[in-house]
There are 2 protein chains.
Amino acid sequence: MRDLVNAKHTVFGYNRSVSGTRAAVKEGFEVSGNLEEVLRHAEEVAATIVVAVPMHAVAEVLDAIVEHAPSCGITDVVSVKKPVYDLILERGLENRYVGGHPMAGTEKSGWGASHEGLFEGAAWVVTYDYPLECEKKDQPVPAEWIDLFTNVVQIILGAKAEAIPVSVRAHDEAVGRVSHLPHVVAEALSIVGDNGGTLAQSLAAGSFKDATRVAGTAPELVRAMCETNAKALVYSLDEMIEILQEARDNLDSADPDISEFVDAGHRAHTRLEARTGARRESVSPIKISSRPVMRLHPGGPGWVRQLVQAEDLGGRIEIF
Amino acid sequence: MRDLVNAKHTVFGYNRSVSGTRAAVKEGFEVSGNLEEVLRHAEEVAATIVVAVPMHAVAEVLDAIVEHAPSCGITDVVSVKKPVYDLILERGLENRYVGGHPMAGTEKSGWGASHEGLFEGAAWVVTYDYPLECEKKDQPVPAEWIDLFTNVVQIILGAKAEAIPVSVRAHDEAVGRVSHLPHVVAEALSIVGDNGGTLAQSLAAGSFKDATRVAGTAPELVRAMCETNAKALVYSLDEMIEILQEARDNLDSADPDISEFVDAGHRAHTRLEARTGARRESVSPIKISSRPVMRLHPGGPGWVRQLVQAEDLGGRIEIF
């Protein structure tokens, strides 16, 4: 909301939290605690609705949208996509839904924890399962969906993030690996550190603090993301446990040598640093994204194929 | 060196790296690439020697000290203490050695990566196994050792760190848990993330990057700390793997519920945040350490007992 107002979008919203609503209004934002009113207003002005609630609250919000804003386009920022898409399909909303997931955030929650620029340079996933389905059935993608997709990409660019097209299944697999797994690891590492008592606690420094930062996230949010993406998470947890077990067995041998493991980790880290949107310093003052870009025209010839190509590369899209 | 020069200590040193030596000299520091000369100079002025080399180079440096600076006091900053202490005992240097380990650093190495203020507020372990041994044998602690201990604590306070007395064994157990384990976890998590290919790499954000930051550490340094502290590390790795396995099994069940695990991780994180020397903001502009302080007089009645008490609390010492 802060970023889009800055980018001259008209934005209004609903917040369940009374104190959060009051704080936003005090700062001059158009926020209300009356969901029905906000949704009717959205319907009147044909707004695009951004659902930004934890997974367990999505169904209720979608039901309210069906009732009070029956023709608005919908996107969301929930960190799992299949459970949301299931709710969308149950309600037959797939022709007016584009899933979203900004890969940015902190361990804090609520309006008071929001700040401008959080999404700058971040990957922001946009899902496109609906046009894939249309193509399979040899049906044209409806113009309304194409317009919504364009709107959602403009919202993302308005927040200075990078739009990455990803199908629902591929999204959940990838974020199980690079987002939900780090949360589980942070919780486990916090417990092991704490087991060391006051001395270990006193000696914990940078490597420990950084690795456990996200264990400060509200437990219900961590549960929501991990439990609803359990299948993908189990898969990457198995990989993680196997790698740790191998390192452990090596360290337990008469003459430990973990060079292969450490070299592999270091190489992986180097590759990831180069690819995770870390903006390279160049001679020019303009920052350059490390993600490959694909310029496409929504609805144009072969545009869905282009989305698939961008997904394979983890690339970002620009729209013309 | 930067911090101690700032604190008006006289500091000079040796650096094996030609470019590092040149850069330091250019900045006005007294650094030389001639180890023998530097050690002779140290002997002349009765300097306290800080050994700041990777574990595999410690034996060689100690041999040079025995030859060229036979009466200087010695401390070190190596991240394991038992392997260093074994080398000290082999050479009969225990009466002029106080082990050290500053719990601060980055994933970068070399003179160019050094900066002032790195140690501010950090825990800096000082070992005291020698006076414990003296007490066991009912022998007085030699005045030379007491003076060296006082010197080392003053060096630590000069770097604005906090001196935490810890015996060699307890140190290696604690840092296995809160420092070496996070390094192993960061390597493993980097490999799992990288296995996700370009899409996962592109989507990796804050939680992943923070958790894997130290995988950017030079592999030989990671090997040195982990392989030389293998026993303690295996112990905490077993704890880690067991906790991850339990979470994994729960997530793999028909109705995943990891509330107990996530709540435990969150509680542990909260406790650790309060204890790891995070300086609380108070009304006064003076920052207050969260570590309990014990003021003691080295060599005074019961002072070794006071060191043991401080260790149990993870507390810092001040000297009068």
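So which residues in the stretch B:63-105 are among the aliphatic types (A, V, I, L, M) and within 19 Å of the chain's Cα centre (by Cα)?
The initial filter retains those residues of the stretch B:63-105 that are among the aliphatic types (A, V, I, L, M), namely B:64-66, B:69, B:74, B:77-78, B:80, B:84, B:87-89, B:93, B:98, B:103-104.
Within the stretch B:63-105, B:74, B:77, B:78, B:80, B:84, B:87, B:88, B:98, B:103, B:104 meet the criteria.
If you check every pair at least six apart or on different chains, which have Cβ atoms under 7 Å apart with a residue in the stretch B:243-263 that is within 7 Å of another protein chain (Cβ to nearest Cβ) first and a residue that is at pLDDT 95 or above and outside any helix (DSSP H, G or I) second?
What qualifies is B:247/B:258; B:251/B:258.
Right, residue A:85: assigned by the TED database to the domain that holds residue A:46, closer than 19 Å to residue A:163 by Cβ and in contact with a strand residue (DSSP E or B) (Cβ under 6 Å, 6 or more places away or on another chain) or not? Talk me through it step by step, then tell me what you get.
Numbers: assigned by the TED database to the domain that holds residue A:46: yes; closer than 19 Å to residue A:163 by Cβ: yes; in contact with a strand residue (DSSP E or B) (Cβ under 6 Å, 6 or more places away or on another chain): no.
No.
Could you list all residues from the stretch B:14-30 that are in contact with a strand residue (DSSP E or B) (Cβ under 7 Å, 6 or more places away or on another chain) and closer than 17 Å to residue B:109 by Cα?
Going through the stretch B:14-30, the residues in contact with a strand residue (DSSP E or B) (Cβ under 7 Å, 6 or more places away or on another chain) turn out to be B:14-15, B:21, B:24-25, B:30.
B:14, B:15, B:21, B:24, listed by residue number.
List the pairs whose first member sits in the stretch A:3-17 and is among the hydrophobic types (A, V, I, L, M, F, W, C), whose second member is part of a helix (DSSP H, G or I), and whose Cβ atoms are under 7 Å apart, counting only residues at least 6 apart or on separate chains?
Pairs found: A:4/A:155; A:4/A:158; A:7/A:158; A:11/A:4; A:11/A:5; A:12/A:38; A:12/A:41.
Looking at the stretch A:119-136, can you tell me whether even one residue there is surrounded by 20 or more Cβ atoms within 10 Å (Cβ to Cβ), within 12 Å of chain B (Cβ to nearest Cβ) and of a type in the set (Gly, Ala, Ser)?
yes
How many residues are among the charged types (D, E, K, R) and more than 7 Å from every other protein chain (Cβ to nearest Cβ) if we restrict to the stretch A:183-197? It would help to see each step written out before you state the result.
Step one: list which residues in the stretch A:183-197 are among the charged types (D, E, K, R), which gives A:187, A:194.
Of the ones still in play, those that are also more than 7 Å from every other protein chain (Cβ to nearest Cβ) are none.
Residues meeting the conditions: 0.
Failed condition for residue B:149, given (1) out of contact with any helix residue (DSSP H, G or I) (no Cβ under 6 Å at 6 or more places or on another chain); (2) within 13 Å of another protein chain (Cβ to nearest Cβ); (3) among the aromatic types (Phe, Trp, Tyr), with all others met?
If we test residue B:149 against (1) out of contact with any helix residue (DSSP H, G or I) (no Cβ under 6 Å at 6 or more places or on another chain); (2) within 13 Å of another protein chain (Cβ to nearest Cβ); (3) among the aromatic types (Phe, Trp, Tyr), just (2) comes out false.
Please state which of the following conditions residue A:266 fails to meet, knowing it meets all the rest: (1) exposed (fewer than 14 other Cβ atoms within 10 Å of the Cβ); (2) at pLDDT 95 or above; (3) within 9 Å of another protein chain (Cβ to nearest Cβ); (4) assigned to a helix (DSSP H, G or I).
Going through the list (1) exposed (fewer than 14 other Cβ atoms within 10 Å of the Cβ); (2) at pLDDT 95 or above; (3) within 9 Å of another protein chain (Cβ to nearest Cβ); (4) assigned to a helix (DSSP H, G or I), residue A:266 breaks only (1).
Can you say whether residue B:214 is modelled with pLDDT of 95 or more and not assigned by the TED database to the domain that holds residue B:20, as far as the supplied structure shows? Before you say what the answer is, go through the steps one by one.
Details: modelled with pLDDT of 95 or more: no; not assigned by the TED database to the domain that holds residue B:20: yes.
The answer is no for residue B:214.
For the list (1) more than 23 Å from residue B:265 (Cα to Cα); (2) at pLDDT 95 or above, I need the number of the one condition that residue A:276 fails.
Every listed condition holds for residue A:276 apart from (2).
Kindly evaluate residue A:71 against the criterion of being among the small types (Gly, Ala, Ser) and without any contact (Cβ under 8 Å) to a residue 60 or more places away in the chain. Break it down into steps so the answer makes sense when it comes.
Details: among the small types (Gly, Ala, Ser): yes; without any contact (Cβ under 8 Å) to a residue 60 or more places away in the chain: yes.
Yes: the conditions hold for residue A:71.
So, residue A:175, is that one under 14 Å from the mean Cα position of the chain (by Cα), facing chain B (nearest Cβ under 9 Å) and either of a type in the set (Val, Ile, Thr) or not in a helix (DSSP H, G or I) (or both) or not? Spell out how you get there, then give the answer.
On the way: under 14 Å from the mean Cα position of the chain (by Cα): yes; facing chain B (nearest Cβ under 9 Å): yes; either of a type in the set (Val, Ile, Thr) or not in a helix (DSSP H, G or I) (or both): yes.
For residue A:175, the condition - under 14 Å from the mean Cα position of the chain (by Cα), facing chain B (nearest Cβ under 9 Å) and either of a type in the set (Val, Ile, Thr) or not in a helix (DSSP H, G or I) (or both) - is met.
Identify all residues within the stretch B:183-229 that are among the polar types (S, T, N, Q) and assigned to a helix (DSSP H, G or I); write none if there are none.
Residues of the stretch B:183-229 among the polar types (S, T, N, Q): B:190, B:195, B:198, B:201-202, B:207, B:212, B:217, B:228-229.
Correct list: B:190, B:195, B:198, B:201, B:202, B:207, B:212, B:228.
Quick check, is residue A:201 polar (S, T, N, Q) and within 7 Å of another protein chain (Cβ to nearest Cβ)?
Numbers: polar (S, T, N, Q): yes; within 7 Å of another protein chain (Cβ to nearest Cβ): yes.
For residue A:201, the condition - polar (S, T, N, Q) and within 7 Å of another protein chain (Cβ to nearest Cβ) - is met.
Within the group B:110, B:105, which residue is within 25 Å of residue A:207 (Cβ to Cβ), modelled with pLDDT under 95 and touching a helix residue (DSSP H, G or I) at 6+ places or on another chain (Cβ under 6 Å)?
On the way: B:105 fails: touching a helix residue (DSSP H, G or I) at 6+ places or on another chain (Cβ under 6 Å).
Of B:110, B:105, the one residue that is within 25 Å of residue A:207 (Cβ to Cβ), modelled with pLDDT under 95 and touching a helix residue (DSSP H, G or I) at 6+ places or on another chain (Cβ under 6 Å) is B:110.
So residue B:106 passes all but one of these: (1) facing chain A (nearest Cβ under 10 Å); (2) of a type in the set (S, T, N, Q); (3) part of a helix (DSSP H, G or I). Which condition number does it fail?
With (1) facing chain A (nearest Cβ under 10 Å); (2) of a type in the set (S, T, N, Q); (3) part of a helix (DSSP H, G or I) applied to residue B:106, the lone miss is (3).
Out of B:98, B:51, B:45, which single residue is surrounded by 14 or more Cβ atoms within 10 Å (Cβ to Cβ), at pLDDT 95 or above and more than 27 Å from residue B:213 (Cα to Cα)?
Values: B:51 fails: more than 27 Å from residue B:213 (Cα to Cα); B:45 fails: surrounded by 14 or more Cβ atoms within 10 Å (Cβ to Cβ).
Only one candidate qualifies: B:98.
Just for the stretch A:308-320: of the residues that are away from chain B (no Cβ under 13 Å) and under 22 Å from the mean Cα position of the chain (by Cα), which one is surrounded by the fewest Cβ atoms within 10 Å (Cβ to Cβ)? I'd like the intermediate steps shown before the answer.
So in the stretch A:308-320, the residues away from chain B (no Cβ under 13 Å) come out as A:318-320.
So of that shortlist, the ones also under 22 Å from the mean Cα position of the chain (by Cα) come out as A:318-319.
Working: A:318: 12, A:319: 14.
Result: A:318.
In the stretch B:20-44, how many residues are touching a residue at least 12 places away in the same chain (Cβ under 8 Å), closer than 22 Å to residue B:64 by Cα and either in a helix (DSSP H, G or I) or among the acidic types (Asp, Glu) (or both)?
Taking the stretch B:20-44 and keeping what is touching a residue at least 12 places away in the same chain (Cβ under 8 Å), we get B:20-21, B:23-24, B:29-36, B:38-43.
Adding the requirement that they be closer than 22 Å to residue B:64 by Cα leaves B:20-21, B:30-36, B:38-43.
Within this subset, residues satisfying the condition of being either in a helix (DSSP H, G or I) or among the acidic types (Asp, Glu) (or both) are B:20-21, B:30, B:35-36, B:38-43.
Final tally of qualifying residues: 11.
Keeping to the stretch A:4-19, report how many residues are assigned to a helix (DSSP H, G or I) and among the aliphatic types (A, V, I, L, M).
So the first thing to find is which residues in the stretch A:4-19 are assigned to a helix (DSSP H, G or I), and the list is A:4-6, A:18-19.
Filter once more, so that each one left must be among the aliphatic types (A, V, I, L, M): A:4-5, A:18.
Residues in the stretch A:4-19 being assigned to a helix (DSSP H, G or I) and among the aliphatic types (A, V, I, L, M): 3 in total.
Of B:190, B:179, which residue is modelled with pLDDT under 95 and touching a Ser or Thr at 6+ places or on another chain (Cβ under 6 Å)?
Numbers: B:190 fails: modelled with pLDDT under 95.
Of the residues listed, the single one that is modelled with pLDDT under 95 and touching a Ser or Thr at 6+ places or on another chain (Cβ under 6 Å) is B:179.
The values are calculated or read from the model by the stated rules, or taken from the named source; none is laboratory data. Quick caveat, the model's predicted, so the values are computed rather than measured. Every residue, glycine among them, receives a Cβ derived from its backbone with ideal geometry; neighbour counts consider all protein chains shown.
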